[in-house]
């Protein structure tokens, strides 16, 4: 489960919650969630989306319903952080979420 809350001066402007389920192929996934915008935070809109993990496991692409169109979100791990690019038929945004500390290797436990 992933949750997001955006606020300004302590007032919540956007709230979302989502769950991601990996399909049996190990790459495709499904997402379900709900989101609400100020001032109607009590009336969340539910949605369903899909995506796939990159073949090199360092990124993913998501196809998410967004105000009647599909938002394509591409993520990619980079040395500085996580690069995120979001596009719709009428917009494009990119952001780098910087690492707070260097990544550490995770033991494979012989897998």
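Looking only at Cα atoms, what is the convex hull volume of the stretch 1-56 per residue, in Å³?
Working: hull volume 4.9 nm³, N = 56.
Given the Cα convex hull of the stretch 1-56, per-residue volume reads 88 Å³.
Hey, of [x] 50, 33, 29; [y] 62, 25, 25; [z] 43, 30, 21, which did the structure itself give for Cα extents along the principal axes in Å when calculated?
Comparing each candidate, only [x] matches the computed number.
When you count, for each residue, the other Cβ atoms within 10 Å and take the mean per peptide, how do 89-101, 5-17 rank with the highest first?
5-17, 89-101
Over the stretch 2-98, what is the mean sequence separation of C-alpha contacts under 8 Å (at least six apart), divided by residue count, expressed as relative contact order in percent? Display every interim value, and only then the final one.
Numbers: 197 pairs, mean separation 13.7, N = 97.
Relative contact order, the stretch 2-98: 14 percent.
Since every read-out is calculated from the coordinates, none of them should be taken as a lab result. Please read these numbers as outputs of a predicted model, since none were measured by experiment. In this analysis, Cβ positions are derived from the backbone assuming ideal geometry, glycine residues included, and neighbour counts consider all displayed protein chains.
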